[in-house]
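The values are calculated or read from the model by the stated rules, or taken from the named source; none is laboratory data. Note that this is a predicted model, so its numbers are computed, not measured. So basically every Cβ, Gly included, is an ideal-geometry build from the backbone, and we count neighbours across all protein chains shown. In case anyone asks, the SASA skips ligands and DNA or RNA and just uses the protein heavy atoms, side chains included. Shrake-Rupley method; radii C 1.70, N 1.55, O 1.52, S 1.80 Å.
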Amino acid sequence: MLRSLEKLGLAKPARSQSKYRLYTNDDLRVLRRAIYLRRVQGLNAPAILNQLKQEGLLQPRTADPVEEQSSLGQTLRKLRLQSGKSLLTVANAVGVSDGFLSNLERSRTGAPVSIVRKLAHYFGLDFLDLLNPIDVSGPRVRPWDRKRLEAGPGVYIELLASGKIAMEPHLFRVAPGAGSGHSYSHEGEEFLYLVRGRLEIELGGEEFELRAGDGFYFSSKTPHRWSNPGKIETIALWINTPPIF
(Lines give C-alpha, C1' and ligand atoms only; values in the text may rest on other atoms or scores of the structure.)
Protein backbone atom coordinates (compact mmCIF):
# COMPACT_ATOMS: atom_id res chain seq x y z
CA MET A 1 0.00 0.00 0.00
CA LEU A 2 2.87 2.38 0.77
CA ARG A 3 4.29 1.91 -2.71
CA SER A 4 0.88 2.64 -4.22
CA LEU A 5 0.51 5.81 -2.16
CA GLU A 6 4.00 6.93 -3.13
CA LYS A 7 3.11 6.50 -6.82
CA LEU A 8 0.20 8.90 -6.23
CA GLY A 9 2.72 11.48 -5.05
CA LEU A 10 1.60 11.45 -1.42
CA ALA A 11 5.16 11.01 -0.15
CA LYS A 12 8.67 11.14 -1.58
CA PRO A 13 10.87 9.54 1.07
CA ALA A 14 14.60 9.94 1.06
CA ARG A 15 16.81 6.84 1.04
CA SER A 16 19.49 5.79 3.45
CA GLN A 17 22.78 4.37 2.23
CA SER A 18 21.23 0.93 2.79
CA LYS A 19 18.24 1.94 0.58
CA TYR A 20 15.77 2.13 3.47
CA ARG A 21 12.98 4.69 3.10
CA LEU A 22 13.25 7.74 5.37
CA TYR A 23 9.90 9.44 6.00
CA THR A 24 9.38 12.89 7.50
CA ASN A 25 6.67 13.63 10.08
CA ASP A 26 4.69 15.41 7.34
CA ASP A 27 4.92 12.27 5.18
CA LEU A 28 3.59 10.13 8.03
CA ARG A 29 0.68 12.48 8.70
CA VAL A 30 -0.41 12.42 5.04
CA LEU A 31 0.03 8.65 4.72
CA ARG A 32 -1.94 7.90 7.90
CA ARG A 33 -4.81 10.04 6.66
CA ALA A 34 -4.70 8.43 3.19
CA ILE A 35 -4.81 4.91 4.65
CA TYR A 36 -7.78 5.89 6.84
CA LEU A 37 -9.65 7.28 3.81
CA ARG A 38 -8.97 4.07 1.89
CA ARG A 39 -9.71 1.48 4.58
CA VAL A 40 -12.44 3.15 6.61
CA GLN A 41 -14.25 5.42 4.14
CA GLY A 42 -13.54 3.26 1.06
CA LEU A 43 -12.40 6.14 -1.16
CA ASN A 44 -10.59 5.41 -4.40
CA ALA A 45 -7.27 7.02 -5.36
CA PRO A 46 -8.63 10.18 -7.10
CA ALA A 47 -11.06 10.79 -4.24
CA ILE A 48 -8.25 10.42 -1.69
CA LEU A 49 -6.14 12.98 -3.55
CA ASN A 50 -9.06 15.40 -3.73
CA GLN A 51 -9.88 15.01 -0.03
CA LEU A 52 -6.28 15.54 1.06
CA LYS A 53 -6.06 18.69 -1.06
CA GLN A 54 -9.28 20.03 0.48
CA GLU A 55 -7.90 19.36 3.96
CA GLY A 56 -4.71 21.22 3.11
CA LEU A 57 -2.52 18.15 3.57
CA LEU A 58 -1.49 17.90 -0.07
CA GLN A 59 -0.53 20.66 -2.43
CA PRO A 60 -1.85 20.45 -6.00
CA ARG A 61 0.67 18.76 -8.26
CA THR A 62 1.24 18.86 -11.97
CA ALA A 63 -0.24 15.90 -13.77
CA ASP A 64 2.26 13.46 -15.22
CA PRO A 65 2.15 12.52 -18.94
CA VAL A 66 0.02 9.41 -18.33
CA GLU A 67 -2.58 11.41 -16.39
CA GLU A 68 -2.54 14.17 -19.00
CA GLN A 69 -3.22 11.77 -21.88
CA SER A 70 -6.16 10.22 -20.06
CA SER A 71 -7.75 13.56 -19.12
CA LEU A 72 -11.11 14.75 -20.34
CA GLY A 73 -9.41 17.46 -22.40
CA GLN A 74 -7.21 15.00 -24.26
CA THR A 75 -10.20 12.76 -24.94
CA LEU A 76 -12.20 15.64 -26.39
CA ARG A 77 -9.27 16.77 -28.53
CA LYS A 78 -8.85 13.25 -29.92
CA LEU A 79 -12.57 13.05 -30.76
CA ARG A 80 -12.47 16.41 -32.53
CA LEU A 81 -9.41 15.56 -34.60
CA GLN A 82 -10.87 12.19 -35.57
CA SER A 83 -14.04 13.92 -36.77
CA GLY A 84 -12.04 16.42 -38.81
CA LYS A 85 -13.74 19.40 -37.16
CA SER A 86 -12.08 22.71 -36.35
CA LEU A 87 -12.08 24.28 -32.88
CA LEU A 88 -14.38 27.04 -34.12
CA THR A 89 -16.89 24.60 -35.65
CA VAL A 90 -17.24 22.54 -32.48
CA ALA A 91 -17.23 25.61 -30.23
CA ASN A 92 -20.06 27.26 -32.19
CA ALA A 93 -22.06 24.03 -32.13
CA VAL A 94 -22.05 23.79 -28.33
CA GLY A 95 -22.23 27.50 -27.56
CA VAL A 96 -18.74 28.29 -26.24
CA SER A 97 -15.78 30.27 -27.57
CA ASP A 98 -13.00 28.58 -29.50
CA GLY A 99 -10.55 29.92 -26.87
CA PHE A 100 -12.48 28.21 -24.09
CA LEU A 101 -12.59 24.94 -26.01
CA SER A 102 -8.86 25.17 -26.72
CA ASN A 103 -8.10 25.62 -23.02
CA LEU A 104 -10.40 22.72 -22.16
CA GLU A 105 -8.61 20.43 -24.62
CA ARG A 106 -5.27 21.47 -23.11
CA SER A 107 -6.60 20.76 -19.58
CA ARG A 108 -6.05 24.40 -18.63
CA THR A 109 -9.64 24.80 -17.54
CA GLY A 110 -12.62 22.67 -16.59
CA ALA A 111 -16.15 22.78 -17.96
CA PRO A 112 -19.58 22.56 -16.32
CA VAL A 113 -21.63 19.40 -16.70
CA SER A 114 -23.98 21.09 -19.18
CA ILE A 115 -21.10 21.86 -21.58
CA VAL A 116 -19.44 18.45 -21.24
CA ARG A 117 -22.79 16.82 -21.97
CA LYS A 118 -23.23 18.95 -25.12
CA LEU A 119 -19.75 18.03 -26.31
CA ALA A 120 -20.36 14.32 -25.74
CA HIS A 121 -23.63 14.43 -27.68
CA TYR A 122 -22.01 16.46 -30.49
CA PHE A 123 -19.62 13.56 -31.06
CA GLY A 124 -22.46 11.02 -30.88
CA LEU A 125 -21.67 9.82 -27.36
CA ASP A 126 -23.42 9.66 -24.02
CA PHE A 127 -21.88 11.64 -21.19
CA LEU A 128 -20.47 8.54 -19.48
CA ASP A 129 -18.86 7.30 -22.70
CA LEU A 130 -16.08 9.71 -21.76
CA LEU A 131 -15.29 7.34 -18.89
CA ASN A 132 -13.55 4.01 -19.33
CA PRO A 133 -15.86 1.06 -18.60
CA ILE A 134 -15.71 -0.35 -15.09
CA ASP A 135 -13.45 -3.37 -15.11
CA VAL A 136 -15.38 -5.61 -12.73
CA SER A 137 -17.32 -8.84 -12.96
CA GLY A 138 -20.65 -9.37 -11.24
CA PRO A 139 -23.13 -6.85 -9.85
CA ARG A 140 -20.88 -5.39 -7.14
CA VAL A 141 -18.69 -2.32 -7.66
CA ARG A 142 -16.22 -1.68 -4.86
CA PRO A 143 -15.26 1.93 -4.04
CA TRP A 144 -11.74 1.57 -5.43
CA ASP A 145 -13.08 0.18 -8.75
CA ARG A 146 -15.21 3.22 -9.54
CA LYS A 147 -14.38 5.29 -12.58
CA ARG A 148 -14.26 9.01 -11.83
CA LEU A 149 -14.73 12.02 -14.09
CA GLU A 150 -14.07 15.69 -13.37
CA ALA A 151 -17.18 17.27 -14.88
CA GLY A 152 -16.24 20.90 -14.47
CA PRO A 153 -14.34 22.80 -11.79
CA GLY A 154 -14.99 21.21 -8.41
CA VAL A 155 -17.48 18.62 -9.72
CA TYR A 156 -16.59 14.93 -9.68
CA ILE A 157 -18.85 12.09 -10.82
CA GLU A 158 -18.17 8.48 -9.83
CA LEU A 159 -19.83 5.72 -11.83
CA LEU A 160 -21.49 3.14 -9.57
CA ALA A 161 -22.60 0.65 -12.25
CA SER A 162 -22.18 0.01 -15.97
CA GLY A 163 -23.27 -2.30 -18.73
CA LYS A 164 -26.80 -2.93 -20.02
CA ILE A 165 -28.64 -1.18 -17.20
CA ALA A 166 -31.98 0.63 -17.01
CA MET A 167 -30.81 3.04 -14.31
CA GLU A 168 -27.61 5.08 -14.25
CA PRO A 169 -26.37 5.57 -10.66
CA HIS A 170 -23.61 8.04 -9.84
CA LEU A 171 -21.99 9.53 -6.78
CA PHE A 172 -21.68 13.30 -7.22
CA ARG A 173 -19.04 15.21 -5.24
CA VAL A 174 -19.50 18.98 -5.52
CA ALA A 175 -17.04 21.43 -3.98
CA PRO A 176 -18.30 24.63 -2.29
CA GLY A 177 -19.37 27.13 -4.94
CA ALA A 178 -19.23 24.59 -7.77
CA GLY A 179 -22.18 23.43 -9.86
CA SER A 180 -23.60 22.49 -13.24
CA GLY A 181 -23.38 25.94 -14.81
CA HIS A 182 -26.19 26.58 -17.28
CA SER A 183 -29.56 24.84 -17.15
CA TYR A 184 -29.96 21.68 -19.20
CA SER A 185 -32.68 19.12 -19.93
CA HIS A 186 -33.04 15.71 -21.55
CA GLU A 187 -35.35 12.71 -21.72
CA GLY A 188 -36.02 10.62 -18.62
CA GLU A 189 -36.41 10.98 -14.87
CA GLU A 190 -33.99 11.58 -12.03
CA PHE A 191 -33.74 10.86 -8.32
CA LEU A 192 -31.11 12.08 -5.92
CA TYR A 193 -30.45 11.54 -2.24
CA LEU A 194 -28.28 14.07 -0.47
CA VAL A 195 -25.72 12.22 1.62
CA ARG A 196 -23.80 15.25 2.87
CA GLY A 197 -23.82 19.03 2.65
CA ARG A 198 -26.26 21.27 0.80
CA LEU A 199 -27.44 21.52 -2.79
CA GLU A 200 -29.44 24.27 -4.50
CA ILE A 201 -31.53 23.12 -7.47
CA GLU A 202 -33.34 25.41 -9.88
CA LEU A 203 -36.08 23.36 -11.54
CA GLY A 204 -38.19 25.08 -14.18
CA GLY A 205 -37.57 28.47 -12.58
CA GLU A 206 -38.38 27.28 -9.03
CA GLU A 207 -35.57 27.05 -6.49
CA PHE A 208 -35.11 24.30 -3.91
CA GLU A 209 -32.44 23.94 -1.24
CA LEU A 210 -31.65 20.37 -0.22
CA ARG A 211 -29.87 19.29 2.95
CA ALA A 212 -28.39 15.99 4.04
CA GLY A 213 -31.10 13.32 4.21
CA ASP A 214 -33.37 14.94 1.61
CA GLY A 215 -34.59 13.05 -1.44
CA PHE A 216 -35.56 14.76 -4.72
CA TYR A 217 -37.37 13.32 -7.77
CA PHE A 218 -38.08 15.17 -11.01
CA SER A 219 -38.58 14.89 -14.76
CA SER A 220 -35.36 15.36 -16.70
CA LYS A 221 -37.33 17.24 -19.39
CA THR A 222 -37.67 20.18 -17.00
CA PRO A 223 -34.71 22.56 -17.38
CA HIS A 224 -32.56 22.26 -14.28
CA ARG A 225 -29.28 23.40 -12.83
CA TRP A 226 -27.66 22.95 -9.45
CA SER A 227 -24.84 24.20 -7.23
CA ASN A 228 -23.32 23.80 -3.78
CA PRO A 229 -24.00 26.94 -1.66
CA GLY A 230 -22.35 25.52 1.46
CA LYS A 231 -18.85 25.55 2.94
CA ILE A 232 -18.18 21.79 2.74
CA GLU A 233 -18.19 19.28 -0.09
CA THR A 234 -21.64 18.08 -1.11
CA ILE A 235 -22.07 14.35 -1.74
CA ALA A 236 -25.18 13.04 -3.51
CA LEU A 237 -26.38 9.70 -4.81
CA TRP A 238 -27.82 10.61 -8.22
CA ILE A 239 -29.78 8.22 -10.45
CA ASN A 240 -30.91 8.78 -14.04
CA THR A 241 -33.29 6.61 -16.02
CA PRO A 242 -33.09 5.71 -18.82
CA PRO A 243 -29.27 5.84 -18.92
CA ILE A 244 -28.89 8.69 -21.38
CA PHE A 245 -27.03 11.20 -19.20
Surrounding net charge for R211, when Lys and Arg each add one and Asp and Glu each subtract one, Cβ distance under 15 Å
-2
For the pair L2 and S83, how long in nm is the line joining their label points, each one 7 Å along Cα→Cβ?
4.9
In nm, the gap between the two label points placed 7 Å beyond Cα toward Cβ at K12 and S102 is 3.2
What distance in nm lies between label points placed 7 Å from Cα along the C-beta direction at D26 and F218?
4.4
Ordering S114, S83 by how much accessible area each has at a 1.4 Å probe, largest first, what is the list?
S83, S114
What's the longest piece of the chain with no exposed GluC sites (Glu not before Pro), counting a site as exposed if DSSP puts it in a loop and it has at most 11 other beta carbons within 10 Å?
56-186
